[in-house]
Amino acid sequence: MFTGIVEELGRVTAMQRLHDAVRLSVDGTVVTDGSRAGDSISVNGVCLTVVTNKRGVFTADVMLQTLAMTSLGALRVGDAVNLERAVTPATRLGGHIVQGHVDGTGEILERRPSEHWELVDVSLPVELNRYLVDKGSITVDGISLTVADVRADSFTVSLIPETLARTTLGFKQPGDVVNLEVDVIAKYVEKMVTR
């Protein structure tokens with residue numbers, strides 16, 4: 001489990017093609033501190049398992065299905081990625097409950113800068129619309145964000161300077177694909193009320 005509070009911007013250092021997977025190598029000195037094989041690290045909102053951790057670079061195997069269902073398949077060596085270690089019982093829950101299980105992808109549609117923040121519109125798969133509410137939570141590329149506005153096939157988030165400076169949303173542009181994870185609590189509520 002994660003909180004959606006990005007700990008650092010990492011950098012993809014290698015993508016080794018395997019028969020039915022990719023071994024992804026990522027440079028991230030903060031998230032590798034204390035991490036070992038078997039630990040979970042969120043990479044752009046996708047929960048990956050550490051295979052190796054050597055001198056600030058960790059590797060993780062990414063299945064073909066994950067590559068096809070998320071934006072990880074479009075990564076290239078040198079790309080920046082949002083990184084977060086899994087929570088512990090002593091971790092502050094600064095964002096919201098994030099599983100690292102991507103529900104779908106969206107596309108940055110528009111960016112509207114302001115003096116102190118920026119509004120960003122993101123496309124939304126129609127089947128995920130029912131899980132979004134104004135002022136509710138959504139995870140975009142592993143970042144816990146508050147929904148500012150919801151439409152049938154898109155939503156808006158407002159990014160503060162800290163988010164713009166510390167995450168990939170500071171430089172993603174219209175047309176870029178992002179991973180989306182809706183609030184897991186909304187999915188549980190839906191299941192309970194529809195039984």
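Counting neighbouring beta carbons within 10 Å and listing from fewest to most, the residues His101, His116 come out as His116, His101. Label-to-label distance, Thr194 versus Met69, with points set 7 angstrom from Cα along the beta-carbon direction: 1.7 nm.
Listing Val157, Val126 from fewest to most neighbouring C-beta atoms within 10 Å gives Val126, Val157. The order of Lys172, Lys135, going from fewest to most other C-beta atoms within 10 Å of their C-beta, is Lys135, Lys172. I need the P(r) histogram for segment 52-127: all alpha carbon pairs, bin width 10 Å from 0 out to the longest distance, whole percents. Here the calculated profile for segment 52-127 is 12, 33, 39, 16, 1. When Rg and Dmax are taken over the Cα atoms of the chain, they come to 16.3, 50 Å.
Positive contributions from Lys and Arg (+1) and negative ones from Asp and Glu (-1), summed over other residues with Cβ under 11 Å from the Cβ of Leu159, come out at +2.
Each reported figure results from applying straightforward, stated rules to the coordinates on display, with no laboratory input. If you're wondering where the values come from, they're calculated on a predicted model, not measured in any experiment. Cβ: placed from backbone, ideal geometry, glycine included. Neighbour counts: every protein chain shown.
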